[in-house]
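The values are calculated or read from the model by the stated rules, or taken from the named source; none is laboratory data. The structure presented is a predicted model; accordingly, all values stated were derived computationally and were not measured. When we count neighbours, we look across all protein chains shown, and the Cβ atoms used for this are built from the backbone with ideal geometry, even at glycine. Calculation scope for accessible area: heavy atoms of the full protein, side chains included, ligands and nucleic acids excluded. Shrake-Rupley method; radii C 1.70, N 1.55, O 1.52, S 1.80 Å.
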Amino acid sequence: MYILSLIINLIIVSILLLDPHYKPVGYFMLFAYSLSLLGFVYKITKTKSIGYLAMAGFACFIPIGVIGMIGMAKLMEDQKKKEFISEMDND
């Protein structure tokens, strides 16, 4: 869901940047899109604050951004489960 949402958001940002009347909005959405790309960084670092920043980027793309937010929440929940299981295995 995360990748699908990124693709749809990229299309939206591209359309906004191509239209001269919506170019200022396009720049704002480009910033939000760059925040949502932090989801890839989250996959590598597993830092919660980066995950929340990625979710904030998706929040600007309502209603499509909700799909990305759900995807990021699932990634964060899966990481939490892995940490819990590894802690249980170590005990």
**Item:** Output for the stretch 40-91, where each listed residue is of a type outside the set (D, E, K, R), open to solvent by 70 Å² or more (accessible area, probe 1.4 Å) and outside any helix (DSSP H, G or I)
**Value:** 62, 63
**Message:** If I ask for residues that are of a type in the set (A, V, I, L, M, F, W, C) and open to solvent by 80 Å² or more (accessible area, probe 1.4 Å), which ones from the stretch 5-23 would you list?
**Reply:** 7, 10, 11, 15, 18
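Assigned to a helix (DSSP H, G or I) and free of Cβ contacts under 8 Å to residues at least 12 places away in the same chain, is that true of residue 8?
Numbers: assigned to a helix (DSSP H, G or I): yes; free of Cβ contacts under 8 Å to residues at least 12 places away in the same chain: no.
Judged against the criteria, residue 8 is not a match.
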**Request:** Could you please let me know if residue 2 is open to solvent by 80 Å² or more (accessible area, probe 1.4 Å) and among the aromatic types (Phe, Trp, Tyr)?
**Result:** no
**Failed item, numbered, when residue 35 is tested on (1) in a helix (DSSP H, G or I); (2) more than 10 Å from the chain's Cα centre (by Cα)** = (2)
